Structure formats: C-alpha cells, structure tokens
C-alpha cells in the first residue's frame, strides 16, 4: 500500500489516524440523504427523481451517547489495527476530495488479485455522507445492466464502520480466484502501455477542431485551447481548456481521474481553467457494441456519483466515444446525463426549431448521423462549469417539447441540436466516418 494516493495531487493523505490539514476547496453542498438524479445534460431536458437513503432505516445508534459512540468507534479501529488492516487517515473535507480518495483507494486495491481490506478515516466528512455513498454502492452492485460492464466492482464491498459510529469507510475486496479472470485483468493492464499520451490528445484536438469548432457544435468554443468565448456580457470570462489523460483500463482508476479533475476545477479559477477534456482511451476500446456498452457504463458511473452529492448543480458533462450511439444509451426514451437527447426526440426538436419540413423528409438513418457530433477518436469526457452552461443557454432556454404522442417534456438546446442534426445529415455518413477513422488512426 506504499504507493496509495501517490497520484492524487488534490489530496494530502497519511497512513495515520487523525491526520488533519486543510484542503482549500470550495465545494458544492453534499446531499446527505437524497440522491438528486438530475438528468440534464448540456444542453437538454431536466427530469429529477429522488431516492431516500438512511431516513427509512431504523437507526440503532439514535439513543447512544456521543461518548459511548466514540469509545465503540475507537474499539473497532483497534480491532482492525490488530488484524493488520491499514487505517488511512484522510484530510478530505469536501465531497469532491472524499470521492477522489475513495476511488483512488479502490483503484489501488483493484490492481491486486488478493483479498484486501482498508479503512479510510475521514474526520471532516459527515457520517451521513459516507452512509449515502456506501448504501448507493450496495444498490449499484444489484443493478445487472451496469455491473455486466463494470466487472471489477463485483469483488468490492463498502460499508461504514460500525454502521455509522464514526467517520470511517471499510473497503474490502474478494480474491480473484479464477485464473481466467486474473489473466484477462493482467492482459488489459499490459495494454495500457500501448497508448501514447501526445498522440491521443492530438487526435482529440483534431476532433474538437473539426466538429466542435469547425462545425460549431458548440458556438462558444472558438479554438481547441480556449472555451467560453462570447459570454463576457453574461459574466463569463473565457479560459483555457485543460487536457487530462489516463491510459487506464480500470473503471476505479477512471473514476479516480474524473474526481481529481473535479477537484482541480474546484480549486482553479475559471480564468485559468475553463473546462477539462479527460481522455480515457483504455475505457471502451474500439467500435464494437461491447466497447460502447463499457464506455456507457463507466460514464454513467461518473454521472451517478456526481449527482449523488448534487455536483450536477456545479458541473455539466459531455460524453464522447468513437462508436457513440444514442439509440443504445440507457434510458432510450428519456434524457441521460451527459448524452445527446433521445433519438425519438429529434423530429420534435427539428419541428420546434423551425424545420418541420426536414423533420418529415429526413430518414431515420440521416437523423442518426447526429451521433457523429459525439464520435471522438476515443472515450473522452468534457467537464464543464454549470455557470458557463447556464450563461450559454440563457434564462429562457427550457421549453415544453411536444413529442407528438400526447407527451410533453421539458427540453433545452433546441436551436443548437437543430443546427447540429441538420449539419451532420448534410455532410453524409461517408464523409463523417472517414474523418473519424482518420482521427482514430492518428493515435497509432
């Protein structure tokens, strides 16, 4: 465990109990009981549902004195120490650094085939926030649709020490006993060395220059290095785009990278860092359905835990993949955080955007070409500041979209999605796919 947290620049961690030093990060407010499932992506519709945690469970600690809780907590820590379980004191004091610490720990454990246990002690984090994380992770492991493509998470168990006696998470892994599984993990790990950071980022910049800037898929990005241009009158200062990269093939390390990017953006003024493009070429490699499902599961995991602590109010996400296909992103007919609108919404969007004729004339295949605005040469996540997203969208951007089947949904970005859909259809599949293939080849 000596290398644990070595790559986490946003955290100061020590392998001692009770380490305490300040992390100067202004954070979004943690949701201690409610998971806010905000489905709004940049920019589409808003649908929010809530899942109540902890408040429905009888709390056996409710009548226990603080002194009694403290004594029991210290006793549990001593027991773990006797058993040889590492006790890691972490000075995380916001939900961003909390998540970075958890997922970096899990990434370290994921590298090892043996069964392991680690206790993370976070004195500055409310126990209720730790309970929310642990409970949601337990729910996640029951969701077959996701877990099929997040196999590395199956061996993990996460619980709050003593069911909430104190601010400590117990993270455990089962042994990888199957030789075939060990071999598969080892093979994937070996593939990471084949990725070239410079070539990967160069290919991504080519895509951004071609689609985001050249085709004006985002009208406020005028170059591959500068975003939020043209929003000065709305109180937004343009700033540089940060390109971040990891060759990892592991979902835990991908989550660690994502949360460290969130920490970086929260601690850096927007004039110095407007947004981040995170390249993850080892996640969902290739253009197969399996690769796409892997990509979709990992980015859904990112959005899930950002929303768990209401981080969607501070950051927007935009997801990219070389075989991006909105028609197989869950949910099919509802908004999905970070993704394009459902394919079934495109004709209603065109009609509301003043192109009813195109809505009638264009074929389903032509409308599906809108996917190419998200077909980057590898898996990438654009992390945006919601202050910029809201300024770009405007105060009256959310409208009632008539879906034509008796349903009306709240939607945003009508003008942008109308323009992008028409431009992709005009260019045609051959030209669009040729460009994607060329950018993929740039990475080799």
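The values are calculated or read from the model by the stated rules, or taken from the named source; none is laboratory data. What you see is a predicted model; the values in this text were computed from it and never measured. All Cβ positions, even for glycine, are placed from backbone atoms using ideal geometry, and neighbour counts span all protein chains on display.
Observations
- Condition check for residue 330: part of a loop (DSSP other than H, G, I, E, B), surrounded by fewer than 19 Cβ atoms within 10 Å (Cβ to Cβ), assigned by TED's automatic domain parsing to the domain that holds residue 304 and under 18 Å from the mean Cα position of the chain (by Cα): yes
- Top-ranked residue of the stretch 164-193 - restricted to ones that are touching a residue at least 24 places away in the same chain (Cβ under 8 Å) and farther than 25 Å from residue 141 by Cα, ranked as nearest to the chain's Cα centre (by Cα): 192
- Residue within the stretch 241-263 that is closer than 15 Å to residue 381 by Cβ, surrounded by 18 or more Cβ atoms within 10 Å (Cβ to Cβ) and at pLDDT below 95 present: no
- If you go through the stretch 429-444 and keep only what is loosely packed, with under 13 Cβ neighbours inside 10 Å and in contact with a helix residue (DSSP H, G or I) (Cβ under 9 Å, 6 or more places away or on another chain), you end up with 441, 444.
- When 320, 309 are checked against the criterion of being at pLDDT below 95, farther than 25 Å from residue 400 by Cα and crowded, with 18+ Cβ neighbours inside 10 Å, a single residue qualifies: 309.
- Any chance residue 170 is in a helix (DSSP H, G or I) and either in contact with a strand residue (DSSP E or B) (Cβ under 8 Å, 6 or more places away or on another chain) or not assigned by TED's automatic domain parsing to the domain that holds residue 247 (or both): no
- Taking residues in the stretch 345-357 that are at positive phi, and partners anywhere that are crowded, with 20+ Cβ neighbours inside 10 Å, the pairs with Cβ atoms closer than 8 Å and at least 6 places apart or on different chains are 354/418.
- Residues of the stretch 146-167 that turn out to be under 12 Å from residue 73 (Cβ atoms) and part of a loop (DSSP other than H, G, I, E, B), as a count: 4
- The set of residues in the stretch 122-136 being within 13 Å of residue 97 (Cα to Cα) and either surrounded by 21 or more Cβ atoms within 10 Å (Cβ to Cβ) or within 22 Å of the chain's Cα centre (by Cα) (or both) consists of 122, 125, 129, 130.
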